[in-house]
Amino acid sequence: MFSATALSAKCDGTSLPQNDPTPGAIVDLIERCQQAKEYSYNRYSNFRVGAALLCQDGTIYTGCNVENASYGLTICAERTAIFKAVSEGHRKFTAIAISSDVVHEFISPCGACRQVFVEFGVDWDVFMTKPDLTYKRMKTGELLPFCFAPESFEQHRVLLPCFGCVNDTSCVFKKTKK
């Protein structure tokens, strides 16, 4: 556990790799995710969540949770920030910070958000915070081990016949089956 307000050159005793956020960027991200929860539309759960996403080029997008009477249509703060960034052309992210009003536990992203995170890489930072600005830092891939990511489509697969193969002599599967 680390405090954003007490950051020095390093937050965890290790040097920051080149694409990692600087200590100043971490403080800014955590403060901005705390501010973002102020815009939360949470009339059903009364559970405010804010997020701040740091793009690789330094741009920051914020988001809040937006609830709906049909709960399945609710969107989390993390996905709001990511979808805003993607809609503006960003695809490479360095970090995301998440905040709520929960005092004794770090806010943790839901499974849907974790899956959206890994869509954009398994090696960028997630800062789960508390209102006192302390945080826990994990990589996206650590939050969703054995994930289904874009690279999953590149895996070697068994070639199966399509349903139209029965009478189609041009089917590749039939030609390779002999």
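Structure notes:
- Among residues that are of a type in the set (Val, Ile, Thr), without any contact (Cβ under 8 Å) to a residue 40 or more places away in the chain and in a loop (DSSP other than H, G, I, E, B), Val116 is not included.
- Output for segment 124-157, where each listed residue is assigned to a strand (DSSP E or B) and touching a residue at least 24 places away in the same chain (Cβ under 8 Å): Asp125, Val126, Phe127, Met128, Thr129, Thr134, Tyr135, Lys136, Arg137
- Residue list for segment 9-63, restricted to those being among the hydroxyl-bearing types (Ser, Thr, Tyr), closer than 17 Å to Asp123 by Cβ and modelled with pLDDT of 95 or more: none
- Residue pairs whose Cβ atoms lie under 9 Å apart, sitting 6 or more positions apart in sequence or on different chains, and linking a residue in segment 45-58 that is in contact (Cβ under 8 Å) with a residue 24 or more places away in the chain and among the polar types (S, T, N, Q) to a partner that is outside any strand (DSSP E or B) and loosely packed, with under 14 Cβ neighbours inside 10 Å, are Gln56/Asn19; Gln56/Arg91; Gln56/Lys92.
- Residues in segment 102-118 that are surrounded by 17 or more Cβ atoms within 10 Å (Cβ to Cβ) and either aromatic (Phe, Trp, Tyr) or in contact with a helix residue (DSSP H, G or I) (Cβ under 8 Å, 6 or more places away or on another chain) (or both): Phe106, Pro109, Cys113, Arg114, Val116, Phe117, Val118.
The values are calculated or read from the model by the stated rules, or taken from the named source; none is laboratory data. Keep in mind it's a predicted model, so treat the numbers as computed, not measured. Methodologically, a virtual Cβ is constructed for each residue, glycine included, from the backbone with ideal geometry; neighbour enumeration extends over all protein chains shown.
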